[in-house]
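Everything on this sheet refers to the single structure shown next.
The values are calculated or read from the model by the stated rules, or taken from the named source; none is laboratory data. Nothing here was measured: the structure is a model prediction, and the numbers come from that model. Here the Cβ positions follow ideal geometry from the backbone for every residue, glycine too, while neighbour counts run over all protein chains shown. For the accessible areas, the whole protein counts, side chains as well, though only heavy atoms, and no ligand, DNA or RNA atoms are used. Shrake-Rupley method; radii C 1.70, N 1.55, O 1.52, S 1.80 Å.
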Amino acid sequence: MSEDVSQIFYTYSPCRWTEGERRWKDDDAGFDIFDTYEAAKEDALKLREDILRQGETPWTPVQIEKLVMAPMNRENLLLLFNSGFEAAVIDHEVMDVIE
């Protein structure tokens, strides 16, 4: 592979995480990854609207996060395959909170 460039993606997750706690794990809850901050925010706002409209479950604030992924060279692809998505995240930043 000749691509040794980190990629930036966006996601959102509940604001209940503590520093160092796993948040991008492969589990039944899942999470969506977006190409842009705007797409992640739009999806989070739609989710909030749907939950509030249904009125069955209280809304839990979510944080929109910027994820910096390790360059997808052979070594990092093996890390991704063997240890999951979270292992390939080399940096992250909370960009916004949807209350």
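Calculated FRET efficiency, F9 and T60, Cβ-Cβ r, R0 35 Å, to nearest 0.05?
Computed FRET efficiency for F9 and T60 comes out at 0.95.
Quick one: if you stick a label point 7 Å off each Cα along the C-beta vector at T18 and E42, how many nm between them?
3.7
Can you tell me the length gained on complete extension of the stretch I33 to L77, counting 0.36 nm per residue apart and subtracting the Cα distance? Display every interim value, and only then the final one.
On the way: separation 44, 0.36 × 44 = 15.84 nm, distance 1.76 nm.
Value of the extension gain: 14.1 nm.
Roll a 1.4 Å probe over the protein chains and send me the accessible area per residue for region 49-99 in Å². Walk me through the numbers on the way to the answer.
Numbers: 3200 Å² over 51 residues.
Ligands and nucleic acids excluded, the figure is 63 Å² per residue.
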